[in-house]
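Structure record follows, encoded as structure tokens.
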Amino acid sequence: MGQDGARSALRRGGIELEGIGKAYGAAWAVRRVDLVLGPGESLALFGPNGAGKTTLLKILATLVTPTRGSGRVAGFDLRTEQEGIRENLALLAHGTHLYEDLTVRENLEFAAAMRRRAAPLEALLTRVGLAEAAGERVRALSSGMKRRLALAKVMLAEPAILLLDEPFTNLDQAAVVLLEGYVAEVLTRGGTVIMATHDLARGYAACRRAAVLVNGRLIHEAPARVGGLEDLREAYVAATREGAG
Amino acid sequence: MTSGGSRLVIPLGVATGAALLTGLYTGLVGAPADAVQGEVQRIMYLHVPTVLSAYLAFTVVFVGSVGYLLTRREGWDILAHASAEIGVLFTALTIAAGAIWGKPTWGAWWTWDARITTTTILLLIYLGYLMLRAAVEDRARGARYAAVVGILGFLDIPVIHKSVEWWRTLHQPSSLARGAIDPVFQLPLMVNLAAFALLYAFLLAQRVGVGRLEAEILRRRLEE
Amino acid sequence: MSAGQVWALARKDLLTEGRSKETLNGLLFFAALVLLIFGFALGPDPARLEQAAPGILWVGFILTGVLGLTRAFQVERENECLEGLLLYPGDRGALYLGKLLGNVVLMLLLELTVFPCFAFFYNMPLWGALPGLLLTALLGTVGFAAVGTLFAAMTMHLRAREVMFPLLLLPFVVPVLLAAVKGTEAFLRGAGRAEAFPWLTLLGLFDLVFVTVSLFAFEWVVEE
């Protein structure tokens, strides 16, 4: 995919969700989410475990079909144009999606073939600091290095929509800087970012808006402004208490 | 919704009962005994209708499965599930009746006769269908998986038929003479066919009703 | 759908298998064991064994296949790799074909290694019949794996998967078993293409229909 192709894909950033809900059996994982994010916008998603953050991200990534509601991701309809969404979206998830018996390079080559891209693999490996370990089996890597490889796979996709689920777990300081830099880069290119995290400070620093998801509902959606971290912390704690009560 | 169904159920039940009784009479009393096989031949009035009703049931499973996958409306899934249960019941009855007929006629409960073998494979396929539904916890997922099995199973039926038939005939000639049915036997057969078709419809209606109630309960528990 | 994706996935699976080799070795050992055990169960009369040989061979392939087919999706459980596969762009059918290709190649490798053991234990004259045997093995394996890959994906998350998978699969692939055994038998006897032809045609038809249907059905099996 040439430079022009990539740029036009990025121009299609943006997420619109209306009345999204997902039920499993007799329980709602996500009750009702309405959300609009434009290109270049970012959202930090906080919330207690089980609030539905991961489910919401999975819905956006077309991994889970919503029980109700509609939406558009990167300009494509959530229910009927899923292939278009996947073409322009990447998810840095809980699981690394790595094959332990293959080498670092082989994992990346596989991802490139599946993404149908001929990407500059060596440059990517250098960027995430894995150039020297390229020939090693993933099983031999530390968990921090594995997360970096997972990030390289995401970078490979050049996504217009970037979703991150607890991205700061198991990362050393250098990798944190790397990740934050990449998120900023995606935003500058006009992409949209949603980051689900427990790390209030880092989420706040990386994203321009913040929201709390409790019991499947979005609460306290607000722009992240200087000095607003305390407000957010209070709202988070209050919402968590409400939800638990 | 349910009121419309129950208006049909009672006359359907009455008609089924009447038809079964008539069928019983014509089969046991009205029709003469077979010249060669004797009284045991009468079980054919049960055996043939049950197997044909089973095929009808599995066709409905196919239709319901396709309907569900295309529309994702629960009603189709309930229909498929109900029909599968009844189909399995009728298939088991068919095999049992066949065995009861087989013992005095061929001297064995079980032979590898093409039709009985095919019917048994079908029983196993749709039993698997029911077990799969029970094994999957998420209802929507279970319905989807079952629909896939329901469709594949139906498509496999002709292939199983052909392969077992060749397997039998290419190996040894069929010892079962399959001549045309004497007209005097046709009437009781037809009556019983109709009776069992009605029985299928009646049981289906009942089972679908139960399925609808179950779905309603789940829906109420979900709504908050 | 992209052929590149299909090939990349199959290649990845074969590469992984080649690295660890644990599954392949285990399956090989298991297949040889099955051949031996049948020898014990049905022997030592060589005439009886010779008659039963094609059946024993294919039961061996199928039992081993049941163990091997689940492997294709179990390897995707570590690190949530299946989720990773589902995130890639393109048709989900490519995932099915990639897995199918990997499964078929592995099973064929297995079968190629088992054939000499078979010739050894059962004193089978393989040389002359080899092309026919290989063709039968290819067609039979594709049919078995076509449905098996789909059902393996279906049962991968179930707690009772070790039981549910063979339970679902085996009745479905009875036609494949029948045709493969009869075809193998015909070739071993030197009866040649004429006798084996109908069976091979049946296999070809089964393969065509069920690869196509499973290809479309796969989408419904992997979604949530």
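Structural remarks
- Each residue in C:213, A:73 was given a count of other beta-carbon atoms within 10 angstrom of its own, and listing them fewest first yields C:213, A:73.
- Total formal charge among the other residues, if their Cβ is under 12 angstrom from that of residue A:142, Lys/Arg +1 and Asp/Glu -1: +2
- Projecting the Cα atoms of A:138, C:197, B:147 onto the dipole axis of the protein assembly as shown, where Lys and Arg carry +1 and Asp and Glu carry -1 at the beta carbon, places B:147 farthest toward the positive end.
- Label-point separation, residue C:48 to residue A:169 (7 Å along Cα→Cβ), nm: 5.9 nm
- Neighbour-count ranking [beta-carbon atoms within 10 angstrom, fewest first] of A:83, C:22: C:22, A:83
- Between region C:158-183 and region A:146-172, the alpha-carbon centres lie 41 Å apart.
- Chain C: DSSP helices with Cα axial extent of at least 27 Å and average Kyte-Doolittle hydropathy no lower than -1.0: C:22-42, C:46-74, C:93-122, C:130-155, C:192-222
- Straight-distance crosslink candidates among lysines, where the alpha carbon sits under 18 Å from residue C:182 and sequence neighbours closer than 8 are dropped: B:162
- Candidate cross-link partners of residue A:146 among the lysines, defined by an alpha-carbon separation under 30 Å and a same-chain spacing of 8 or more, comprise A:53, A:58, C:12, C:21, C:99.
- Estimated 222 nm signal from helices in the protein assembly as shown, with DSSP H stretches of n ≥ 4 weighted -39500 (n - 2.57), rounded to 500: -23000 deg cm²/dmol
- Using all pairs of distinct alpha-carbon atoms, the Kirkwood hydrodynamic radius of the protein assembly as shown works out to 28.7 angstrom.
- Mean separation of Cα contacts under 8 Å, 6 or more apart, over the residue count of chain C: relative contact order %: 26 percent
- Counting Lys and Arg as +1 and Asp and Glu as -1 over every other residue whose Cβ lies under 15 Å from the Cβ of residue B:199, the net charge comes to 0.
- The ranking of B:200, C:122 from fewest to most other beta carbons within 10 Å of each one's beta carbon is C:122, B:200.
No lab work stands behind these numbers, since they all come straight from the coordinates. For clarity, every value in this text was computed on a predicted model and none was experimentally measured. Note that we place each Cβ from the backbone using ideal geometry, even for glycine, and neighbour counts take in every protein chain shown.
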